[in-house]
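For reference, the structure discussed in these notes is given below.
The values are calculated or read from the model by the stated rules, or taken from the named source; none is laboratory data. Note that the structure is predicted; figures quoted are calculated from it, not measured. Heads up, the Cβs are rebuilt from the backbone with ideal geometry, glycines too, and the neighbour counts pull from every protein chain shown. Accessible surface areas use protein heavy atoms only, side chains included; no ligands, DNA or RNA. Shrake-Rupley method; radii C 1.70, N 1.55, O 1.52, S 1.80 Å.
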Amino acid sequence: MQHSKLLYEKGILHNLKMLTQSQYSNFKFVARLDQIKTLTAGIKSLTFGEYGAFMVNEDGFTCTVEQGKCIQASLFLMPACFSEFHVDGVVHFNINMNVLNECLSIFSGIDCSLKMFYKGPEAPLVIVLEPKDESDISTECSIKTMLQDEIMEYALDENSSSLNVLFIRGPELMTIFQEFDKSTEELEITISPRRPHFKIDTLGVMQSESSIEVAKTSDMILMFNCRETTKARYKSSLIRLTQKALSVSSKVAIKTDLSGLMEMHFMLQDSSEAEIYIQFFITPMADIEM
C-alpha cells in the first residue's frame, strides 16, 4: 500500500501486536474515540506547527503548537468526547504533527474509530484505526514521542475593565475573512461599545485596503460584551493560520483587552455533543493610537 510505505519511511511501524483490556494497567494513557472526523479536523488546524506538545490529565486531552512567540494554538477534547478514557496522573509528550496527521488520514474519507495507547516517557504513542464498515481491516501506528519543551503561557485578565468578549457565527466570520484581499499585510480589529461595535480594517498596499463593520445587533453576533474600546493590529499571515479551524467551527469567541493580545475560541461540533474547541492566542503588532 502506498500509505504504508510513506509512513514506514517516516519511522512509523505497522502491524503491532493488538493490546487487550488486561494490559491497560501497563499504560499511562488509554482512550477510544468512536469517530475521528472532528479530531482529524482539529489536528489539521494545528499542522502549521512542526511539533505538538500533548498533555493528558483527568480534565481531558490537549495538543498545543506554536510559531515563534507570535501565535499559539491548542486543541481541547474533554473526557466526555471519548467512549473510553483512562489516564494515570498527568501525561506529557511531543510528537511530529505532520506524521500524526498522515496517520489519521490513512483511511481518508472513511468513518473510523480510534484507539490510543501510551506507556510513558520515551515510549511511542500507539494508535489503532478501525473503519466502521470494514470489520476485518485495521491499521496500527507507533509514533515516536519526545520530551516536551516548555511552551509559552498566555492569558487575558478576566477581571480587566477593558476585557471585551464577543461570540460570532463561524460561517459568517469565515465569509468576512474570505472577502479580504490575500495581499493584505495587516488587519486592524476594533471592538467598541459604540458604533462600529466590531470593525475589521485591512492595511497594506493601497488597492487592498478595505473595512467591514458589524453591529452588535447583527444576526451573526451571538453575544456582545464590551466594556471599553480596544483596537489592535495583527499580521494577516497569523490570522490566516486560523482559517482551517474557522472552516469547521460552528461559532467563534473573540476576547481581547487593551494589551492587544487576542484570544479566539473555535467551537467544533462533535456527534457526541461534547465540548471540543481550538484556542488561539495571537500577539499584536506595535502599539497604535486609539
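Give a quick list of GluC sites (Glu not before Pro) in segment 185-235 that DSSP marks as loop, anything other than H, G, I, E or B, with at most 10 other Cβ atoms within 10 Å.
Nothing satisfies the criteria.
Between residue 209 and residue 108, what is the label-to-label distance in nm when each label sits 7 Å out along the Cα-to-Cβ direction?
About 4.2 nm separates the two model spin labels.
Stretched out fully, how many nm does the piece from residue 153 to residue 69 gain, at 0.36 nm a residue minus the Cα gap?
Extra length available between residue 153 and residue 69 comes to 29.2 nm.
Tell me the relative contact order for segment 82-195 as a rounded percent, counting alpha carbon contacts under 8 Å between residues six or more apart.
Computed value for segment 82-195: 20 percent relative contact order.
Going by average Cβ neighbours within 10 Å, how do the peptides 103-115, 27-39 rank, with the highest at the top? Mind showing how you got there, number by number?
Values: 103-115: 16.9, 27-39: 19.8.
So the peptides 103-115, 27-39, ranked by packing, come out 27-39, 103-115.
Determine the sum of side-chain charges near residue 66: Lys and Arg each +1, Asp and Glu each -1, restricted to other residues whose C-beta is under 12 angstrom from that of residue 66.
-3
Given H placed 1.01 Å from N in the peptide plane, which residues other than close sequence neighbours of residue 222 have an amide H under 5 Å from its amide H?
Distant-sequence amide H within range of residue 222: 167, 168, 169.
What does the charge count near residue 46 come to, summing +1 for each Lys or Arg and -1 for each Asp or Glu among other residues with Cβ under 13 Å from its Cβ? Don't skip to the answer; put the middle values down first.
Numbers: positive: 44, 244; negative: 50, 66.
The answer is 0.
Give me the percent of accessible area attributable to carbon and sulfur for segment 17-156, probe 1.4 angstrom.
48 percent
Read phi for every residue in segment 238-252 and hand back ³J(HN,Hα) as whole Hz from Karplus 6.51 cos²θ - 1.76 cosθ + 1.60, θ = phi - 60°, with x for Gly and Pro.
Couplings: 6, 4, 5, 5, 8, 5, 5, 5, 4, 5, 10, 9, 8, 8, 10 Hz.
Along the charge dipole of the chain, which of 137, 80, 253 sits closest to the positive end, that is, farthest toward it, with unit charges on the beta carbon of Lys, Arg, Asp and Glu (+1, +1, -1, -1)?
The listed residue farthest towards the positive side: 137.
Per-residue counts of other Cβ atoms within 10 Å, averaged by peptide: what ranking do you get for 66-79, 154-167, highest first?
Top to bottom by mean Cβ count within 10 Å: 66-79, 154-167.
Taking each pair of different alpha-carbon atoms in segment 141-290 once, compute 1/r for the pair, average those values, and report the inverse of that mean as the Kirkwood hydrodynamic radius in Å to one decimal.
Final number for the Kirkwood radius of segment 141-290 is 16.5 Å.
Give the accessible surface of segment 143-290 per residue, rounded to a whole number of Å², with probe radius 1.4 Å and ligands, DNA and RNA excluded.
Here the per-residue accessible area is 53 Å².
Pick from 40, 229, 175 the residue whose mean-square fluctuation is largest in a GNM of the chain, springs joining Cα atoms under 10 Å.
Highest fluctuation among the options: 175.
Does segment 82-122 come out rounded, prolate or oblate, given a ≥ b ≥ c as the square roots of the eigenvalues of its C-alpha gyration tensor, rounded meaning a/c under 1.5 and, failing that, prolate meaning a/b above b/c?
oblate
Kindly provide the helix-only [θ] at 222 nm of the chain, computed as the sum of -39,500 (n - 2.57) over DSSP H runs of four or more divided by all residues, to the nearest 500 deg cm²/dmol? Intermediate values should be presented prior to the final figure.
Details: 6 runs with 44 residues, N = 290.
It lands at -4000 deg cm²/dmol.
Could you tell me the relative contact order of the chain? Use alpha-carbon pairs under 8 Å, at least six residues apart, and round to a whole percent.
Relative CO of the chain lands at 19 percent.
Give a residue-ordered list of calculated ³J(HN,Hα) values for segment 81-86 (Karplus: 6.51 cos²θ - 1.76 cosθ + 1.60, θ = phi - 60°; whole Hz; x for Gly, Pro).
3J(HN,Hα) across segment 81-86, in whole Hz: 6, 9, 7, 8, 8, 9.
When ligands, DNA and RNA are left out and all protein chains stay put, how many square angstrom of accessible area per residue does segment 20-124 have with a 1.4 Å probe?
Ligands and nucleic acids excluded, the figure is 41 Å² per residue.
Less than 20 Å apart at the alpha-carbon level, and either on another chain or at least 8 residues along: which aspartates and glutamates does that give for residue 69?
Counting by Cα, and skipping residues close in sequence, residue 69 has these aspartates and glutamates nearby: 50, 149, 150, 153, 157, 185, 186, 188, 257, 263, 287.
How much net charge surrounds residue 280 when only other residues with a Cβ under 12 Å from its Cβ are counted (Lys, Arg +1; Asp, Glu -1)?
Working: positive: 240, 244, 255; negative: 66, 263.
Combined, the nearby Lys, Arg, Asp and Glu give +1.
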